[in-house]
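Down below is the structure, laid out as structure tokens.
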Amino acid sequence: METGLKNRVAVVAASSQGIGRATAEAFAAEGCKVAMCARNAEALEAAAAQIRGKYKAEVFASAVDVTNEAAVQSFVKSVVGKFGSVDICVTNAGGPPAKRFLAATVEEWRQALDANLLSAVYFAREVIPHMQKKRWGRIITITSITTKQPVTDLVLSNAVRAGVVGLVKSLANEFGQDGILVNNVGPGYTATDRLKQLSKARATSLGISEGEIFKMWAAESALKRVAEPGEVADTIVWLASERASFITGQTILVDGGAYKGL
């Protein structure tokens, strides 16, 4: 499938591992120039080096805390300085801890807002002017199935990620006239380090093994398995491509049919 993405500049946040890394690799495979960021500099550079080697891609990598507005500003400025512009921006951050409402502290609420909502705001503020100049752009947020179907012990994610959907809808409506498409991808249970952390928390609370937790999660989907990060990445690449040129303001679930609503 021709995606029209060759030589586009793609920023992917939190891309040292998991879905972010798979997304950076998928864009590199399409011939994009890729800008990667994450907090762990060592893990990030290792991921970037592997992608450069495998795809002969131009990859810029920089350690960034996406909750720091100034750091995001500096990162995007560096990307533009190296590649000339930003065409695609994939916002991403580690999910909030597994908590029920009364167990979550006010500070954890603030941290969840910083990481999972305000980080998307910071990136959007920086990349939109560059996209407006070219009258072409793609902003894709990575959230969770919790935007459609709340999960019992993920109250922080349930609430904060819904705010991201509101942001996506608002940006799609405001900047569609500039050729900028804004969409959200909501993964279901996906085989990442984050899921392993959640399995530990839930196994402890239920008094069962982590293996049993994974079996329960797999049983929730119509496909009876969890996703691989690359399957989510493929959806993100498609949304960024010319093949999805009339799709904006939407949340696309990559959940194997786990969402039971209409």
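Shown in residue order for segment 220-234 are the 3J(HN,Hα) couplings computed by the Karplus curve 6.51 cos²θ - 1.76 cosθ + 1.60 at θ = phi - 60°: 6, 8, 5, 8, 6, 7, 8, 7, 9, x, x, 6, 6, 4, 4 Hz (x for Gly and Pro). From most to least packed by mean Cβ count within 10 Å, the peptides 84-91, 22-29 give 22-29, 84-91.
Is there a pair in LYS77/LYS99; LYS82/LYS133; LYS33/LYS215 whose C-alpha atoms are over 28 Å apart, and which pairs would that be? Those over the limit are LYS77/LYS99; LYS33/LYS215. The 3J(HN,Hα) values that the Karplus relation (6.51, -1.76, 1.60; θ = phi - 60°) gives for segment 131-137 are, in residue order, 5, 4, 4, 8, 6, 7, x Hz. Gly and Pro appear as x. Counting other Cβ atoms within 10 Å as a rough exposure proxy, the listed residues MET131, MET36 run MET131, MET36 from fewest neighbours to most. Rounded, prolate or oblate: which fits segment 111-232 when a ≥ b ≥ c are the square roots of the eigenvalues of the alpha-carbon gyration tensor, with rounded for a/c under 1.5 and prolate only if a/b beats b/c? Cα axes put segment 111-232 in the prolate bin. Ordering ILE140, ILE236 from the fewest to the most neighbouring beta carbons within 10 Å gives ILE140, ILE236.
Among rounded, prolate and oblate, which fits segment 174-244 when a ≥ b ≥ c are the square roots of the eigenvalues of its C-alpha gyration tensor, a/c under 1.5 means rounded, and a/b larger than b/c means prolate? Prolate is the answer for segment 174-244, as a/c is 1.5 or above and a/b outweighs b/c.
Site pair THR204 and ARG52 shows an inter-label distance of 3.9 nm when each label is modelled 7 Å from Cα along Cα→Cβ. Residues whose amide H comes within less than 5 Å of that of THR190, counting only those at least five positions distant or on another chain, are ALA227 (H built at 1.01 Å from N in the peptide plane). For the chain, the alpha carbon positions stretch 53, 38, 35 Å along the principal axes, listed from largest to smallest. Extension gain, ILE247-SER78: 0.36 nm per intervening residue step, less the Cα-Cα distance, totals 57.9 nm. Each of GLU107, GLU30, GLU212 was scored by other Cβ atoms within 10 Å of its Cβ. Arranged with the fewest first, they read GLU107, GLU212, GLU30. The phi torsions of segment 179-189, fed into the Karplus equation with coefficients 6.51, -1.76 and 1.60 and a -60° offset, translate into couplings of x, 9, 9, 10, 9, 10, 10, x, x, x, 5 Hz, rounded to whole numbers, with Gly and Pro shown as x. Dipole magnitude for the chain: computed about the Cα centre from +1 point charges on Lys and Arg Cβ and -1 point charges on Asp and Glu Cβ, it is near 220 debye.
Each reported figure results from applying straightforward, stated rules to the coordinates on display, with no laboratory input. Here the structure is a predicted model, which is why all the values come from computation and not from measurement. Using ideal geometry, Cβ is built from the backbone for each residue, glycine included, and neighbour counts are taken over all protein chains shown.
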